[in-house]
Amino acid sequence: MRYGMVLGLVWCTSAMAAEPGLRVGWAQADITPALTAGPVYIAGFGQNRQATGVHDRLFVRAAVLSDGTRQIGLTSVDLIGLFLPVIERIRAQVPEFAFVIVSSTHNHEGPDTLGLWGPSPFATGVNAAYLDQVVTQTVTALRAAAKSAQPVTARWGTARNPDLLNDNRKPTLKHDELVALQFQMGTKTAGVIVQWNCHPETLNNKNTLLSADFVGYTVAALEKHYECPVLYLTGTVGGLLTSLDVPINDAQGRPLQDGTFEKTERYGQAVAELAKQALQAATPITLTPLGGLTQAVFLPVDNKLYQAAWHIGVLNRPIYEWAGAATTARPITLATARERKCPLAVRTELTWLRLGELDVAGVPGEIYSELVLGGVPDPAEAGADFPTAPIEPTLYAAWKDRKKMLIGLANDEIGYIIPKRQWDAVKPYAYGRTSAPYGEINSLGPDTAPLLLTAWRELLSGVKAGRNEK
Ligand SMILES: [Zn+2]
């Protein structure tokens, strides 16, 4: 096995036991933006949705796992997404970690951290000082979690409930498996990690109070029940998996409406109940040794709106000249790109963590369920733009018999990752639609999925292991 070899050789002479057990630490830090420092634009729906108050506070939550040889930090922020360069600023401050995943819950009721939801389509909604605060608080949480690490044992469980998800784009395919990990010190629960696949947007597009949406309620319910810290991670959300239009009733059996805190709370509690169900059936799992690989991937930016947003400064991250390969691209300036009208690319990354018996996929955006589980229509639906595009191998194809978990929006948010064969931007539209489906407008382009899934296969095959291993 290539896991554990490199650092193991360096560190095995330390005072650590040869095969130390798992240690896990927990921490959280507040990342609620101040409303006194200028307007806060709420992300996720239309532009210019200015926050008028705080309903519940936003957090970065961290769990730090250690096997005595290396540390891995898993963090989640109650935000719409963060671009890779912001996460690289965080990682630069915690070089003692072998891997750090900063994932966003994809909260649609928090501040704009990407740029697309400002006062107008031509002005960013990002407050740079606020991003600095997110970086600082995430570093603080990671360090505090590492400091608090205690020896633990772990249990693993899953539970499914398709009724808690609405898939609002055909084909209907819900990644409805919740994954939960319980860490124990004796009979006491030291912490819980829960991973579920849903857009946190129950409060919908009219709400102007900052909130973590249902995720805040899920975490609160589980913290109360298990009397321990809880880390919530968002997984598959493309396709698009949402709580909107999911029927949820109040205690008297009356239906609750989208856009209300009552529905948001009840939905969050229902997700917590599913997590409890998963943990009731949980079995022991070994999570050491800790290892992993990352791989940089360049992706072309075909989306004309994104290109325009770049040129006017609404999107702000380094750009590259797309040269036809996901493995390499040259950084360029916007001025050069304009002058030469060259195709643009972004640099993102994939992460594969192997935590003992558990495999974790870190995907840098909103992946469609079909790319995780399979189920791309074959033959293609009439009207699809690329009916003969090869079907991408699924993310989980190589892990059929393994315990697995997916972290979406992991270390980046590149938008939707759509099976190429389901790409549908040009008339006529699939499934008899009279207008274009939602999804393509928030995707880099039709080649995103084939390039990412090819890179994923290379990552799993260890082709680039020597270069990427830590
Ligand atoms: Zn989304």
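The values are calculated or read from the model by the stated rules, or taken from the named source; none is laboratory data. The structure presented is a predicted model; accordingly, all values stated were derived computationally and were not measured. Ideal geometry is used to build each Cβ from the backbone, glycine not excepted, and the neighbour counts take in all protein chains shown. We work out accessible area using only protein heavy atoms, side chains counted, and drop any ligands, DNA or RNA first. Shrake-Rupley method; radii C 1.70, N 1.55, O 1.52, S 1.80 Å.
Out of the residues in region 228-245 that are among the hydroxyl-bearing types (Ser, Thr, Tyr) and within 13 Å of the ligand (Cβ to nearest atom), which is surrounded by the fewest Cβ atoms within 10 Å (Cβ to Cβ)? Working first, answer last.
Pass one, region 228-245, residues among the hydroxyl-bearing types (Ser, Thr, Tyr): 232, 234, 236, 242-243.
Next, only the ones that are within 13 Å of the ligand (Cβ to nearest atom) stay: 234, 236, 242-243.
Working: THR234: 26, THR236: 30, THR242: 19, SER243: 25.
So the residue we want is THR242.
Can you find a residue that is closer than 25 Å to GLY291 by Cβ, out of contact with any Gly (no Cβ under 9 Å at 6 or more places or on another chain) and more than 16 Å from the ligand (Cβ to nearest atom) anywhere in region 41-60?
Going residue by residue through region 41-60, those that are closer than 25 Å to GLY291 by Cβ are 60.
Cutting the leftovers down to out of contact with any Gly (no Cβ under 9 Å at 6 or more places or on another chain) gives us 60.
Now restrict to residues that are more than 16 Å from the ligand (Cβ to nearest atom): 60.
Within region 41-60 (the criterion being closer than 25 Å to GLY291 by Cβ, out of contact with any Gly (no Cβ under 9 Å at 6 or more places or on another chain) and more than 16 Å from the ligand (Cβ to nearest atom)), the answer is yes, since at least one residue qualifies.
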Q | Enumeration of residues in region 53-72 that are open to solvent by less than 10 Å² (accessible area, probe 1.4 Å) and closer than 17 Å to GLY235 by Cα | A | VAL60, ALA62, ALA63
Q: Being of a type in the set (A, V, I, L, M) and touching a Cys at 6+ places or on another chain (Cβ under 9 Å) is the filter; apply it to region 216-248 and report the residue that is nearest to ALA27 (Cα to Cα).
A: LEU222
(Q) Here's a check for you: in region 205-227, which residue that is open to solvent by less than 40 Å² (accessible area, probe 1.4 Å) and outside any helix (DSSP H, G or I) is nearest to ARG266 (Cα to Cα)? (A) ASP213
Q: Select the helices (runs of 4 or more DSSP H) contained entirely in region 304-399, then report the ones holding at least 3 residues which are out of contact with any helix residue (DSSP H, G or I) (no Cβ under 7 Å at 6 or more places or on another chain) and without any contact (Cβ under 8 Å) to a residue 24 or more places away in the chain.
A: 334-340
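Quick one: in region 378-421, which of the residues that are of a type in the set (Asp, Glu) and within 15 Å of the ligand (Cβ to nearest atom) is nearest to GLN307 (Cα to Cα)?
First, pick out the residues of region 378-421 that are of a type in the set (Asp, Glu): 378, 381, 385, 392, 401, 412-413.
Still in the running and within 15 Å of the ligand (Cβ to nearest atom): 412-413.
Numbers: ASP412: 18, GLU413: 16 Å.
That would be GLU413.
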Q. In region 96-107, which residues are within 13 Å of the ligand (Cβ to nearest atom) and either closer than 14 Å to ILE31 by Cα or surrounded by fewer than 24 Cβ atoms within 10 Å (Cβ to Cβ) (or both)?
A. SER104, THR105, ASN107
Q.
Just to be sure I understand, how many residues within region 422-455 are over 18 Å from LEU350 (Cα atoms), of a type in the set (A, V, I, L, M) and within 16 Å of the ligand (Cβ to nearest atom)?
A. 1
Q: Look at region 58-74 and say how many of its residues are assigned to a loop (DSSP other than H, G, I, E, B) and touching a strand residue (DSSP E or B) at 6+ places or on another chain (Cβ under 6 Å).
A: 2
